[in-house]
Amino acid sequence: MRTAKPNGVPDDEPGPAPQQTLPSKVIRAPFVPDEFFGQQPTSSSSLPDPQPLVENLTRCVIEILSGARDLEQISRWVTDDVYRHLLKRVVLSSRARYAKGQAVVRPTFAIGSTTMCEPRDGVVEAVVIVRGRARTRAVALRLEGLDRRWRATAINVL
């Protein structure tokens, strides 16, 4: 006597082939994109001297805050967080100039002393003194070696 499977196919007849798992349905370990596509740290020995970049970034930031230079000009040398921070400062300073009725004037200043230290490999922290007509300011910067170039990860004008 022939018995039938629940689907109605007799036992002695071959049933459908067992299903194989499709490659698209295989569960793999989660992909971590930062591991491959994120910013890669770079050693200080693989990077150029940071002194010129520190002074030029300081000069540019002072001119950006005064309205004499566009923020986009330094976008490749700063991280996204620094860019957003500077953008807020630019908006506030332009509103203040507008409220006072002041025109945009290129500032006159001199770069004073620069103090730099290297807290760890691939990181440089610097303070640059900027002397203007009315006051003296300090600009604090942190540069990190990312993707084989220096990038500013923090800029504060005091």
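Worth a mention:
- All conditions in (1) touching a Leu at 6+ places or on another chain (Cβ under 9 Å); (2) over 30 Å from S45 (Cα atoms) hold for R131, with the sole exception of (1).
- Scanning region 95-154 for residues that are of a type in the set (S, T, Y) and more than 22 Å from D81 (Cβ to Cβ) gives Y98, T108, S113, T114, T115, T136.
Residues are listed down the side, and each one gets a yes or a no for (1) at pLDDT 95 or above; (2) aliphatic (A, V, I, L, M); (3) touching a Phe, Trp or Tyr at 6+ places or on another chain (Cβ under 7 Å); (4) surrounded by 15 or more Cβ atoms within 10 Å (Cβ to Cβ):
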site	(1), (2), (3), (4)
K88	yes, no, no, no
Q102	no, no, no, no
R106	no, no, no, no
T115	yes, no, no, no
P119	yes, no, no, no
E125	yes, no, no, yes
R133	no, no, no, no
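- Tally of residues being surrounded by fewer than 17 Cβ atoms within 10 Å (Cβ to Cβ) and outside any helix (DSSP H, G or I) across region 52-78: 2
- The residue of region 138-152 that is nearest to C60 (Cα to Cα), among those that are surrounded by fewer than 17 Cβ atoms within 10 Å (Cβ to Cβ) and touching a residue at least 24 places away in the same chain (Cβ under 8 Å), is R149.
The values are calculated or read from the model by the stated rules, or taken from the named source; none is laboratory data. On a predicted model such as this, the values are computed, not experimentally measured, just so you know. Using ideal geometry, Cβ is built from the backbone for each residue, glycine included, and neighbour counts are taken over all protein chains shown.
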